[in-house]
Amino acid sequence: MNGVDHASCCSCRDKKRNLINRVRLVGGCELVLGSFDGLTCGNGSRHGCGAVKEILYLTPYGDVLPCPFLHISLGNALEESVKVIRQRALQNPYFAVYYQKCLASTDEEFIERYLSKTFEADQLPLRWDRVFTPQEAEKRK
C-alpha cells in the first residue's frame, strides 16, 4: 500500500492525543476512547440510541458528531468546548432522549427528514444548523 498509515502516523496520533486531553470531562462523565475511535461516556448504560447521551464521535479535524454514522457536525472542539457542544446538542429532542430505533439506520422519519440532507452535500460533516431548524426541533418536543 502506497498511502500513509494514519493509524500510526506520529502527527495524527499527537493531534488526537492533544485533543483528547482537552476534552477530559463532559457532563459529569469522563470521556474515553471507545468503539469507532470515538469518544464514549464511561457509564455503560444503554437504553436505546445513545447518540450524544453516551457517545460523541470526534473527527481528526475537531468536528463533534453525535455518532460515527450521523455525518452531522454538532460543533468543533477546536473552536468551543465539548461540554458546550454537548449541552446544545441535548436540547435537540432527537438527542435528548433514548430512541429505540437507530437514527442512522432504522428510523425512517429521521433518515428522510434530516439525514437525507447529508446525502448530496458537497462537504461532510454537514453543520447541524443546516440539518435542524429551530422550528423543526420545537415540533418534536
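Observations on the model:
- Where strands (runs of 3 or more DSSP E) sit wholly within segment 22-107, those with at least 1 residues that are at pLDDT below 90 and open to solvent by 50 Å² or more (accessible area, probe 1.4 Å) occupy 29-33.
- Verdict on Q123 being within 21 Å of G48 (Cβ to Cβ), open to solvent by 70 Å² or more (accessible area, probe 1.4 Å), of a type outside the set (G, A, S) and not in a strand (DSSP E or B): no
The values are calculated or read from the model by the stated rules, or taken from the named source; none is laboratory data. Here the structure is a predicted model, which is why all the values come from computation and not from measurement. Cβ atoms come from the backbone with ideal geometry, glycine included; neighbour counts cover every protein chain shown. SASA here: full protein model, heavy atoms, side chains in, ligands and nucleic acids out. Shrake-Rupley method; radii C 1.70, N 1.55, O 1.52, S 1.80 Å.
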